[in-house]
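Please read the structure below before turning to the comments.
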Amino acid sequence: MAIGIGYQENAMLLATPLFVCLTAFICILIIKWINRPLSSLLEGIRGIGEEDHQGGIRVYYNDEMGHLARSINEIAEGIGENRTKLKQQRNQYQNLFEQVPCIVTVQDRDYKLISYNREFAETFDPKPDDYCYYAYKGRDEKCVVCPVERTFEDGRSHMSEETGFSKDGTRT
């Protein structure tokens, strides 16, 4: 009895390595033309949120991936410009807040000091988590006439003329 390989067995022996090679080739193409560019795009997008992001995404192709990378770079550039303007405005605000020759304080709805300028700190010597009524007047409870309370009630600016004590104990 002779053992022979038939046509179907021959085809299977040829088809299996051919299938493996073709699958490997397709995987290599996917990695080269899809996975690597997408990874580069994702890395670039993640970098946009970082303060010192300057590099942008390298554009290797002139296809859809390249167009997407260029668009992301343009968006990143706009974000960088806006971030720079925002820093300048924040610095300008901070300088104005600190340099104004009068007392400026910011309180929350519980009358706690959130922020204050140097003039206030030099005059009243506030401590962290002080209430405005304690920092200004050494009181343990809210003032009877309280412009902060009225501002939170109606959203408008209110003021009152009050007497308190500076950090050296003099009436202010």
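Checking (i) 113; (ii) 167; (iii) 274 against volume of the Cα convex hull per residue in Å³ calculated from these atoms, the matching label is (iii).
With runs of 4+ DSSP H residues as the only contributors, calculate the mean residue ellipticity of the chain at 222 nm using -39,500 (n - 2.57) per run, divided by the residue total and rounded to the nearest 500. Computed ellipticity for the chain at 222 nm equals -18000 deg cm²/dmol.
So what is the relative contact order of the range 1-154, in percent, for Cα pairs below 8 Å that sit 6 or more residues apart?
Working: 88 pairs, mean separation 15.9, N = 154.
So the answer I get is 10 percent.
Rounded, prolate or oblate: which fits the range 95-145, taking a ≥ b ≥ c as square roots of the Cα gyration tensor eigenvalues, rounded meaning a/c under 1.5, else prolate when a/b beats b/c? Judged from the Cα gyration tensor, the range 95-145 comes out prolate (a/c at least 1.5, a/b above b/c).
Using a Förster radius of 30 Å, what is the FRET efficiency between S157 and N91 based on their Cβ-Cβ separation? Nearest 0.05, please. The formula returns an efficiency of 0.75 here. Residues whose amide H comes within less than 5 Å of that of R139, counting only those at least five positions distant or on another chain, are Y134 (H built at 1.01 Å from N in the peptide plane).
As I understand it, the dipole of the chain uses +1 on the Cβ of Lys and Arg and -1 on the Cβ of Asp and Glu, about the Cα centre. Which of G169, V145, Q99 lies farthest toward its positive end? Highest projection toward the positive end goes to Q99.
Remark: C-alpha extents of the range 80-164 on the principal axes read 48, 31, 22 Å, sorted largest to smallest.
Quick one: grab the alpha carbon gyration tensor of the range 80-121, order the square roots of its eigenvalues as a ≥ b ≥ c, and give me rounded if a/c is under 1.5, else prolate or oblate depending on whether a/b is larger than b/c.
Because a/c hits 1.5 or more and a/b fails to exceed b/c, the range 80-121 counts as oblate.
Every read-out reported here was derived from the displayed coordinates using simple, explicitly stated rules and does not represent laboratory data. What you see is a predicted model; the values in this text were computed from it and never measured. Counting neighbours? That spans all protein chains shown, and the Cβs are built from the backbone with ideal geometry, glycine included.
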